[in-house]
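In what follows, a single structure is set out as structure tokens and then discussed.
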């Protein structure tokens, strides 16, 4: 069994990233959002929109500091992460970064792809001159929170809600980049 690796995403990865996103959301959001919201995520129209969104993010990023990484094993995408300048009003986008998305296929969760992606993103953000990074996580997603905290991310006291048919509580975490 190969350990897989992380590389920059390519336009040809877009449909695979959409599939990973949908499968990851279905797994992590189960029980936290209404079932009809989860069902809508997997519809062909939604998947097509996600794929187009990822193709655009890969081929036409807003800045050179917006990046999408993909974990492959052995040659197929099994996870991805996107990051760039922080978007929250209390962050300074010149030095504060944000991990926008981090998803791994549920079937590949225990293979270390999430950690490889997180390390690749942190390395790239540091190389791009960022000093800190933040991300948002569902407060009810204990596995994700545990994963991030084990990697050195800590809650910074900021909370919000996502509107996904119901209000879903989210917390912001941050870490120092070296």
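Worth a mention:
- Coarse-grained scattering of the range 14-55 at q = 0.17, 0.21, 0.25, 0.30 Å⁻¹, given as base-10 log I(q)/I(0) from a Debye sum over alpha-carbon atoms: -0.40, -0.59, -0.78, -0.99
- For the range 78-140, taking the reciprocal of the average inverse distance between every pair of different Cα atoms yields a Kirkwood hydrodynamic radius of 12.3 Å.
- Each listed q (0.19, 0.25 Å⁻¹) maps to a log10 I(q)/I(0) for the range 32-100, found by the Debye formula over equal Cα scatterers with no solvent: -0.96, -1.08.
- In plain terms, the residue of 135, 124, 63, 95 with the fewest other Cβ atoms within 10 Å comes first and the most crowded comes last, giving 63, 95, 124, 135.
- Computed P(r) (all Cα pairs; the range 5-176; 5 Å bins; percent): 1, 9, 17, 21, 22, 19, 9, 2, 0
- Residue of 98, 52, 43 that the Gaussian network model of the chain assigns the largest fluctuation, springs spanning Cα pairs under 10 Å: 43
- Of 133, 30, 18, the one that fluctuates the most in a GNM where the chain has Cα springs shorter than 10 Å: 30
- Mean-position separation - Cα centroids, the range 131-178 and the range 99-114, in angstrom: 16
- Note on the chain: with a GNM built from Cα contacts shorter than 10 Å, the maximum mean-square fluctuation among 159, 113, 69 falls on 159.
- For the range 5-176, the relative contact order works out to 21 percent when only alpha carbon pairs closer than 8 Å and six or more residues apart are counted.
- Which of 141, 76 has the fewest Cβ neighbours within 10 Å, and the rest in rising order: 76, 141
- Sequence of 58, 20 once ranked by neighbouring C-beta atoms within 10 Å, starting from the fewest: 58, 20
Taken together, the values in this text are just the output of simple stated rules run on the coordinates, not laboratory data. Predicted model only: the values in this text are computed from it and were never measured. For neighbour counting, all protein chains shown are included, and Cβ atoms are generated from backbone atoms with ideal geometry for every residue, glycine included.
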